[in-house]
Structures are given as structure tokens and as C-alpha cells.
1. What's the extension gain from Asp46 to Asp124 if we count 0.36 nm per residue and subtract their Cα-Cα distance?
2. For the chain, state the average projected area of the convex hull of the C-alpha atoms over all orientations, rounded to one decimal in nm².
3. So what is the 222 nm mean residue ellipticity for the chain from helices alone, if each DSSP H run of at least 4 adds -39500 (n - 2.57) and you divide by all residues, rounding to the nearest 500 deg cm²/dmol?
4. Which percent of the accessible area of the chain is formed by carbon and sulfur heavy atoms (probe 1.4 angstrom)?
5. How large is the accessible surface per residue of region 8-137, computed with a 1.4 Å probe and reported in Å² as a whole number?
6. Hey, if we sort Asp94, Asp22 by accessible area with the 1.4 Å probe, largest down, what's the order?
7. Evaluate E = 1/(1 + (r/R0)^6) for Ala98 and Ala71, where r is the Cβ-Cβ distance and R0 equals 25 Å; express this FRET efficiency to the nearest 0.05.
8. Compute the acute angle (0 to 90°) between the alpha-carbon long axis of helix 108-117 and the principal axis of greatest extent of the alpha-carbon atoms of the chain; round to the nearest 10°.
Amino acid sequence: ARPLKGAEAIAAAVGGARGHLDGLLVGDRRHRPKNLAPGEVCLYTDEGDEIRFKRGRIIGVTAGSELQVTAPKVTVTASTSVTLDTPKVIATGDIEAAGQVRDGVGSMQGMRDTYNGHDHDENDSGGPTDTPNQGMS
């Protein structure tokens, strides 16, 4: 950590050498979260970003502008669900799904089946059109 001027620290002189001080605990009461429940732990910044270990085995991450995760591979394992509560999801590459992808009404396969088999009345002849010559895969 690189604390702001005015932060408080507890330090130890390693081997008794005052020239070799190590910070054991650094805190800044000006920016410390005040609403922690008993037993909770929070790593925080002066800008309001935090990683909070909450009661009930919940970990909360708050970032003021962006949360970045960089790794060759990221795995999220959730036993019940994953919720993305956002107005837009952007993927810069392919998306694969082993199970059904649902559109809120049916599934992507249902959408394909409807599109691939659809016809409608032709404007001039009154009869139905042929099914599309290019199917949705």
C-alpha cells in the first residue's frame, strides 16, 4: 500500500533497525467505511472502491468506474445462477452454450425453427411464400 499523507500506520523495526521499518497495519480513518457489521473485513481506497468480506459468506466488490480482470482463462462456478443486471452485454468473440439459450419466451432453437419454417402470404398471388432458402443455424 502507499497511504495518503495523514494516514495512520503501525510499523515494526525489523531486527531492531529503525532504517528498516515495515508497515504492519495502515489505515485512514478519513476514508474508512463506517457501516461494517461485526466480523466483516474491508479493503478500501480513498475514492470509495472496496472489496468487502460480508456476513453470510458474501464478498462484495465496488468499483467507481471499472472492474478489470486480466487472465488467460477465467472460470466462474455458480451452483444456481449468474445474473447480469446491465442494459448491455458485449462479447468481442464467439459465445458457446452447452444448454438452451432462452430469449425470455422460448429458446434460440425455437427461434430458428420458427424462422426456418415460416411462410406468409405473397403480395400479388395470395398464396404462401416458400420457406426461406437460407436457414438460421
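The values are calculated or read from the model by the stated rules, or taken from the named source; none is laboratory data. Quantities reported herein were computed from a predicted structural model and do not represent experimental measurements. Quick reminder, even Gly has a Cβ in these numbers, built from the backbone with ideal geometry, and neighbours come from all protein chains shown. Accessible surface areas use protein heavy atoms only, side chains included; no ligands, DNA or RNA. Shrake-Rupley method; radii C 1.70, N 1.55, O 1.52, S 1.80 Å.
1. Roughly 21.1 nm would be gained on extension.
2. Its Cα hull, projected and averaged over all orientations, spans 16.6 nm².
3. Calculated from helices alone, the mean residue ellipticity at 222 nm is -2000 deg cm²/dmol.
4. Heavy-atom surface of the chain belonging to carbon and sulfur, 1.4 Å probe: 51 percent.
5. About 90 Å² of surface per residue is accessible.
6. Reading off the accessible areas and sorting them downward yields Asp94, Asp22.
7. 0.70
8. Relative to the chain, helix 108-117 is tipped by roughly 20 degrees.
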